[in-house]
2 protein chains.
Amino acid sequence: MNTLPNGEKILEAAKRISEYIHHTPVLSSNNLDELTNSKLFFKCENLQKAGAFKSRGAVNAVFSLSYKEIENGVCTHSSGNHAAALARAASLRKIKAHIVMPENSSKVKIAAVKHYGGIITFCKPTLDSREQTLEYVRRKTNALEIHPYNNYKIIAGQATAALELINTIKDLNIIMAPVGGGGLLSGTALSTSYFSPGTKVIAAEPKGADDAYRSFVSKSFVPSLKPNTVADGLLTSLGSLTFPIIIDNVHSILTVKEESIIKAMKLTWERMKIIIEPSSAVPLAAVLENHDLFATKRVGIIISGGNVDLDALPWFQKK
Amino acid sequence: MNTLPNGEKILEAAKRISEYIHHTPVLSSNNLDELTNSKLFFKCENLQKAGAFKSRGAVNAVFSLSYKEIENGVCTHSSGNHAAALARAASLRKIKAHIVMPENSSKVKIAAVKHYGGIITFCKPTLDSREQTLEYVRRKTNALEIHPYNNYKIIAGQATAALELINTIKDLNIIMAPVGGGGLLSGTALSTSYFSPGTKVIAAEPKGADDAYRSFVSKSFVPSLKPNTVADGLLTSLGSLTFPIIIDNVHSILTVKEESIIKAMKLTWERMKIIIEPSSAVPLAAVLENHDLFATKRVGIIISGGNVDLDALPWFQKK
């Protein structure tokens, strides 16, 4: 699968991963609908295996490879949800997962990778150290690298979240996803263009990490240099595979303030009684900041994950 | 309905309330199953309308009365979930709800009652003041008092949560509920004895508010005098109607430590990604404290509610 995933590839991915992932629920809240004067449908990937949509792409990548390709295991560098998702997918396939993690990764994230049997190598918390350490691990183990987003199998896997949403809720005017490296967003955009072409895809990004927005409007790649946002899943730059998909299939990218992200996160916890991580609150923050754009619309929102350090909540830290 | 609700009355209640409440999901967690070596099924009343099972009883009570009985509205005293649930039920029936609330009630709870159009009269935070103020309001308005739990229509409404759980998950060995005034527990016990007589009902109560436990083992009513627990929904005494149902239909009551309640609450947030209030964590706390009793069993747990002040979480306060 070295070409852009078409509709058939996404349907194949959905079938491939179905026994290993949750078909997550779509929840609504009258309360939030009244507040925004729109009809919001939340696709709850926070309730996904390993607590994030990343399980979809990881399982699709690991299970679509031949045993020969992955007999020495898989490897990646990640401080976040992709690490746990890949370790889990590898354990299901009964192969090894070598995970390079920055030494300042959260205890919760490290524990999750260990829980799924991932073999961790710690590195310094810089991109250089992450890449060099991964290269060292890859050469030593001959494991196959599975990039967190710049990989068509990962993208096809992430695309299945929007596919399920489209199959569950009809006549959406808009589907929203947050954007970091662009794996979820490009998958969402592909599924929407294939399976619900009348629906607009609108991405949301923190103003403090607005490289995708700047890349999108200038139509030329802008790297994420010094991102500064509470949305710790959205710090990375777009990839060479995700960026063109986004340019071709996304209607617009909205950037939001930090205070809106925290407000949207807390509002979701309070009114919907579900735990979402800061990155997942970015689309609702965009709805709150752009009331007129979403009023009276039927809006699907992909809630990307629910992995939060409950001892370090942003509304305590920001005070 | 001045006699003990039989199975037919509970089925009638389920039908009566169905258009006004959520048929809440039953969620599971492999992670918690592994941790407890049991199979746990959580009936998520935290995702219920107004954030708690109380909506069931309140809607059943308000909608089973004739218009003549409630033409002057309904009234109650409550600092918690019953207040919002009754205000909501009254607004659905287009009648007034007069709610007596202690002046130290949380802002969130006061806002919820106002959101549903409840007319609030504040009182001192003592039982005497609550009862005297309610009596004053009742005489002035001629509203009908709807007690939060010592009322067969309320009990029949609360019983519908266990009924839905039993209809969704087969062959449960145990069904658990927390116990405060006993409305949820007595309803749960009645539904279980009628619709799944092979299933044991085990209640859970904080050691710091163990009046139901002491009433149960001594078979004579013990009031809740100076309760001291983070589980703020479980402070009240049993009622004259709930106590006999509990004596006749509950297998046992387990009491749990405060630290277990906080641990179980945090564990549920972390692993299941749902917001539950401290009172709802009491049954899981009992499972954690009594490993052997629940190992290998299929256990249904009624999650009573999800109304939490996110600015005052117990794991921050206890440090």
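The values are calculated or read from the model by the stated rules, or taken from the named source; none is laboratory data. Fair warning: this is a prediction, and the values are worked out from it, not measured in the lab. Cβ atoms come from the backbone with ideal geometry, glycine included; neighbour counts cover every protein chain shown. For accessibility, only protein heavy atoms count, side chains too; no ligands or nucleic acids. Shrake-Rupley method; radii C 1.70, N 1.55, O 1.52, S 1.80 Å.
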For A:HIS22, what residues show an amide H to amide H distance below 5 Å, using hydrogens built from the backbone and excluding near sequence neighbours? A:LYS49
Cα-Cα over 21 Å: which of A:LYS68/A:LYS153; A:LYS39/A:LYS273; B:LYS54/B:LYS297; A:LYS207/A:LYS273? B:LYS54/B:LYS297; A:LYS207/A:LYS273
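Just to be sure I understand: if I project the alpha-carbon convex hull of the range B:176-319 onto a plane and average over all orientations, what area do I get in nm²?
With every direction weighted equally, the projected area is 8.7 nm².
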Accessible-area loss of at least 10 Å² in the complex relative to the chain alone (1.4 Å probe) applies, within the range A:16-38, to A:LEU27, A:ASN30, A:ASN31, A:GLU34
Once you average over the residues of B:267-273, how many Cβ atoms of partner chains fall within 10 Å of each Cβ? 6
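If you take every DSSP beta bridge whose two residues both sit in the range B:1-126, what share of them, in percent to the nearest 5, is antiparallel?
20 percent
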Note down, for the range B:39-191, the three equivalent ellipsoid semi-axes (square root of 5 times each alpha carbon gyration tensor eigenvalue), biggest first, whole angstrom. 28, 16, 14
Across the alpha-carbon set of the range B:63-145, Rg over Rh with Rh taken as the Kirkwood radius works out to 0.95
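Given a Förster radius of 30 Å and the C-beta distance between A:TRP315 and A:ASN30 as r, what FRET efficiency does 1/(1 + (r/R0)^6) yield to the nearest 0.05?
E(calc), rounded to 0.05, equals 0.80.
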Peptide A:305-311: average number of partner chain Cβ atoms within 10 Å per residue? 4
Taking each label point as 7 Å beyond Cα in the direction of the beta carbon, state the distances from B:GLU69 to the same residue in the other copies, shortest first, in nm. 6.8
When DSSP beta bridges are limited to those with both residues in the protein assembly as shown, what percentage is antiparallel, rounded to the nearest 5? 10 percent
Report, for A:PHE221, each distance to the same residue's label point in the other copies, shortest first and in nm; define the point 7 Å along Cα→Cβ. 7.6
For the range A:101-139, listing GluC sites (Glu not before Pro) in a DSSP loop whose Cβ sees at most 12 other Cβ atoms within 10 Å gives A:GLU103
How far apart are the B:ASN173 label points across copies, placing each 7 Å from Cα toward Cβ, in nm, shortest first? 5.3
Using only Cα atoms, find the angle between the long axis of helix A:258-272 and the longest principal axis of chain A, and express it within 0 to 90 degrees, rounded to the nearest 10. 80 degrees
Between B:LYS170 and A:ASN72, what is the spin-label point distance in nm, taking each point 7 Å from the Cα along the Cα→C-beta axis? 5.0 nm
How far is helix B:183-195 tilted, in degrees, relative to the longest principal axis of the Cα atoms in chain B, given as a value from 0 to 90 rounded to the nearest 10? 60 degrees
Label-point separation in nm, A:THR296 to B:LEU127, each point 7 Å along Cα→Cβ: 5.5 nm
Report, for the range A:55-145, the % of DSSP beta bridges that are antiparallel, rounded to 5. 0 percent
Treating only the Cα positions of chain B as identical point scatterers, give the base-10 log of I(q)/I(0) from the Debye formula at each q in 0.06, 0.09, 0.11 Å⁻¹. -0.18, -0.40, -0.62
Rounded to two decimals, the Rg over Rh value of the range B:208-264 from Cα coordinates and the Kirkwood Rh reads 0.97
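Summarise the accessible area of the protein assembly as shown (1.4 Å probe, protein heavy atoms) by the percent that is carbon and sulfur.
50 percent
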For the protein assembly as shown: accessible area per residue (Å², 1.4 Å): 40 Å²
Contact order relative to length of chain B, as percent, for alpha carbon pairs under 8 angstrom and 6 or more apart: 21 percent
List the lysines whose alpha-carbon lies under 21 Å from that of B:LYS124, not counting same-chain residues fewer than 8 positions away? B:LYS107, B:LYS109, B:LYS114, B:LYS140, B:LYS226
So what's the range A:243-282 giving for Rg/Rh, alpha carbon basis, Kirkwood Rh from the mean inverse pair distance? 1.14
Determine, for each peptide in B:142-149, B:114-121, the mean count of other beta carbons within 10 angstrom over its residues, then list the peptides with the highest first. B:142-149, B:114-121
Most fluctuating residue given options A:ASP128, A:ASP248, A:ASP171, as computed from a GNM of chain A linking Cα atoms under 10 Å: A:ASP128
The range B:190-237-the range B:1-54 distance, computed between alpha-carbon centres (Å): 18 Å
Along the range B:78-85, Karplus-curve 3J(HN,Hα) (6.51, -1.76, 1.60; θ = phi - 60°) to the nearest Hz, with x for Gly and Pro, reads 6, 9, x, 6, 5, 4, 5, 5
Kindly write out, for the range A:93-98 in residue order, the coupling ³J(HN,Hα) from the Karplus curve 6.51 cos²θ - 1.76 cosθ + 1.60 (θ = phi - 60°), rounded to whole Hz, with x marking Gly and Pro. 8, 6, 10, 7, 10, 9
Once the mean 1/r over all distinct Cα pairs of the protein assembly as shown is inverted, what Kirkwood radius in angstroms do you read off? 25.8 Å
Percent of Cα-Cα pairs per 5 Å bin, from 0 to the last occupied bin, for the range B:36-89, please list those. 4, 18, 23, 19, 13, 8, 6, 4, 2, 2, 1
Within the range A:1-68, report the chymotrypsin sites (Phe, Trp or Tyr not before Pro) that DSSP leaves as loop and that have at most 14 other Cβ atoms within 10 Å. A:TYR67
In Å², nearest 100, what accessible area do chains A and B bury in total when the solvent probe is 1.4 Å? 2000 Å²
